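Read the structure below first, then the notes.
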Amino acid sequence: MSDNSRPVTRRDALVALASSGATLAGCAHPALAKSAPGAASPSPSAAPPTGPTPPAAPALAGAHTPLPLPFKPTALNGISEKMIVSHHDNNYASAVKNLNRAEQELARIDANTPPFVVAGLRQSELTFRNSKTLHEAYFGNLGGDGKRSGAIEKALSEAYGTSSRWEEHFRATGAGLGGGSGWVILALELDTASLRTCWSGNHTQALASALPLLVMDMYEHAYQMDFGAAAPKYVDAFFVNVHWDEVNRRLARALSAASVLQAR
Ligand SMILES: [Fe+2]
C-alpha cells in the first residue's frame with residue numbers, strides 16, 4: 001500500500017507498479033475481474049496516480065473483514081468440513097481481500113486516470129462487492145435442518161401455488177447453472193413486495209431492486225470437492241441444510257423495507 005500521509009509522486013507510482021509485477025495494460029483489462037471472481041482472483045491494480053493524494057474517502061476505505069462461518073463446519077449434513085472451510089477461507093475471503101484492494105485503488109483515481117483503468121477497477125469493485133454480499137448470505141442461510149415453515153412457507157405457496165412448486169423452480173434454476181457458475185437467489189422485490197426467483201450467471205447479475213432471502217452458490221468451488229460434476233446431489237444437500245429460520249428473518253426485514261418504500 002502507498003503511504004497516504006504524503007503526496008505520491010509519479011516516481012513513487014512507477015516504482016510501486018514495477019514492484020507489483022503489473023503492467024498498465026494488464027492491470028486494466030476487464031478480464032482481470034472475470035477470471036475467478038470470488039476465488040483467488042487476479043488482484044485489481046491501479047493506474048499510476050498523479051498529483052497530490054486525494055482526501056480519504058470513507059466509501060472506499062478498503063477495510064472489510066471476512067465474517068466467520070455462522071455454524072460449526074462439521075455441522076452440515078452431506079457437505080464436508082473440508083469443502084465448506086475451503087469455500088469460506090479461500091473463495092469468500094479472497095473476494096473480501098480483493099474488494100479491499102479495488103476500493104483502495106479507486107480511492108486514488110483522479111481526472112488523469114485513464115478511463116479504461118477506471119472501468120476495469122469499477123468492474124472489479126462490483127464483482128467482489130457482490131461476491132462478498134452473496135457469499136455472506138449463502139453461508140448465513142446454511143446450518144439449519146432444512147424444514148421449511150412459517151411466513152416463508154405461506155408466502156411461497158401464495159406466489160407459486162405451492163411451496164413445492166417454488167422448490168422445483170429453484171432446483172431447476174440451479175441445474176441450469178450446473179457445470180457453469182453463478183447463483184440462484186430467492187429475493188423479495190422491493191418495488192412490488194413480490195417474491196422472485198432469480199438466476200445470476202456471475203456476481204454482477206443480481207436483480208437490481210431486491211433483497212436476497214435464500215442464496216445458493218452454484219460456482220463449482222461450492223460442490224466440486226464433494227460431488228464432482230454431480231451438481232444435483234449438491235442441490236439436494238443444500239436443501240437438507242437450509243436454515244429456514246434465517247430466511248424467515250430476512251423475509252420479515254425485507255417486507256418491512258418494502259412497506260416503508262411503498263408508503264412514500
Ligand atoms: Fe462461492
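Nothing in this text is a laboratory measurement; each read-out follows from the coordinates by a stated rule. Given the structure is predicted, the values throughout are model-derived calculations rather than measurements. Note that we place each Cβ from the backbone using ideal geometry, even for glycine, and neighbour counts take in every protein chain shown.
The charge dipole of segment 186-264, taken about the Cα centre with unit charges on the Cβ atoms of Lys, Arg (+1) and Asp, Glu (-1), comes to about 320 debye, rounded to the nearest 20.
Please state the equivalent ellipsoid semi-axes for segment 79-229: what are the square roots of 5 times the Cα gyration tensor eigenvalues, largest first, in whole Å? Calculated on Cα positions only, the semi-axes equal 31, 20, 13 Å. Calculated translational diffusion coefficient of segment 99-140 (37 °C, 0.692 mPa s; Stokes-Einstein with Kirkwood radius over alpha-carbon pairs) equals 297 µm²/s. The phi torsions of segment 153-163, fed into the Karplus equation with coefficients 6.51, -1.76 and 1.60 and a -60° offset, translate into couplings of 4, 5, 5, 5, 5, 5, 7, 10, x, 9, 5 Hz, rounded to whole numbers, with Gly and Pro shown as x. Running Debye on segment 117-158 with equal point scatterers at the Cα sites and no solvent, what base-10 log of I(q)/I(0) appears at q = 0.29, 0.33 Å⁻¹? Ignoring solvent entirely, the Cα scatterers give -0.93, -0.99. Backbone geometry of segment 231-237 corresponds, through the Karplus equation with coefficients 6.51, -1.76 and 1.60 at θ = phi - 60°, to 3J(HN,Hα) couplings of 4, x, 5, 5, 4, 4, 5 Hz, x marking Gly and Pro.
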